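Reading through the structure tokens given below for one structure.
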Ligand code: ATR
């Protein structure tokens, strides 16, 4: 029987998730149908869409902009949240809580939220041959994208973390909130600074701001260097990567992170492990 999946967002027409998951289905020999689902930008519409989907036998859903926080609230009030979703304050993967279903709870009331974005980033960096164990890492940006990657990076064994942001108070607020949410994060004693003042030598610098494709550039300090620069955006030449390439660093955009988070969602839903390197090659 065909297993049904959706990705819900607004806008959604550009989403590459159907292409990626359809390939995973072919790789694993599963009969799946994965579709884009447009949804009006309000919580009531989002809830109505996912209730109908899961009530109708849907197996899993990905959630993208602008619904990740709404999905978090929805799952918090229903079938629960994974540790990563709790700390991220956002859900990108919806599935059914089987323990609740077994107790007779209807699917729409048993929605469980996970977040695979940060682990997708970690897996991609490791796939590219970079060790996070003992690494000195800086993240630029203090919004939702940054929030989602902090715990997975710490779990991967990084030594030091600095979060730099245009607005310093957002970075310090983020660290404060994350430290309350997770003792592993509190123990790491994350440093913060204004982006223009981020300087010194890092193993890895990650751009988690939303400027990637806007053509704007970050005010990067001349005394800032790294071995590897990663931009969570993808799609075209990224000034952030060009800056560090010119200084001799290796670089990567975030397309592999997209495939990585998708693979983890697929694994949660189906129990099938994806050969991400093979899938990435096929999607090139
Ligand atoms: P996302 O969910 O993609 O992280 P967000 O929560 O709106 O989006 O966060 C956007 C991030 O990009 C923030 O860190 C923001 O910096 P501020 O907190 O100072 O607003 C950063 N950002 C957006 N536009 C920027 C720009 N032109 N220059 C520097 N940072 C920018």
* Asked: So, of the residues in region 145-192 that are touching a strand residue (DSSP E or B) at 6+ places or on another chain (Cβ under 6 Å) and near the ligand (Cβ under 8 Å from one of its atoms), which turns out to be farthest from residue 212 (Cα to Cα)?
  -> 171
* Structure fact -> Checked region 211-254 for anything under 19 Å from the mean Cα position of the chain (by Cα), free of Cβ contacts under 8 Å to residues at least 24 places away in the same chain and more than 16 Å from the ligand (Cβ to nearest atom); matches are 251
* To do: Filter region 132-144 down to the residues that are within 9 Å of the ligand (Cβ to nearest atom) and touching a helix residue (DSSP H, G or I) at 6+ places or on another chain (Cβ under 8 Å), then identify the one that is nearest to residue 218 (Cα to Cα).
  => 140
* Asked: Checking residue 123 against (1) farther than 18 Å from residue 211 by Cα; (2) assigned by TED's automatic domain parsing to the domain that holds residue 171; (3) touching a strand residue (DSSP E or B) at 6+ places or on another chain (Cβ under 8 Å), which single condition isn't satisfied?
  -> (3)
* Structure fact -> A careful count of residues in region 159-176 that are assigned to a loop (DSSP other than H, G, I, E, B), closer than 14 Å to residue 191 by Cα and in contact (Cβ under 8 Å) with a residue 40 or more places away in the chain gives 0
* Selection from region 2-40 of residues that are farther than 23 Å from residue 90 by Cα and free of Cβ contacts under 8 Å to residues at least 24 places away in the same chain -> 22, 25, 26, 29
* Structure fact -> Result of the Cβ filter at 6 Å on region 184-210, keeping first residues that are free of Cβ contacts under 8 Å to residues at least 12 places away in the same chain and partners that are more than 13 Å from the ligand (Cβ to nearest atom), at least 6 apart or interchain, is 186/179
* Structure fact -> Within region 1-24, the residues that are farther than 23 Å from residue 55 by Cβ and more than 19 Å from the chain's Cα centre (by Cα) are 13, 22, 23
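The values are calculated or read from the model by the stated rules, or taken from the named source; none is laboratory data. The structure presented is a predicted model; accordingly, all values stated were derived computationally and were not measured. In this analysis, Cβ positions are derived from the backbone assuming ideal geometry, glycine residues included, and neighbour counts consider all displayed protein chains.
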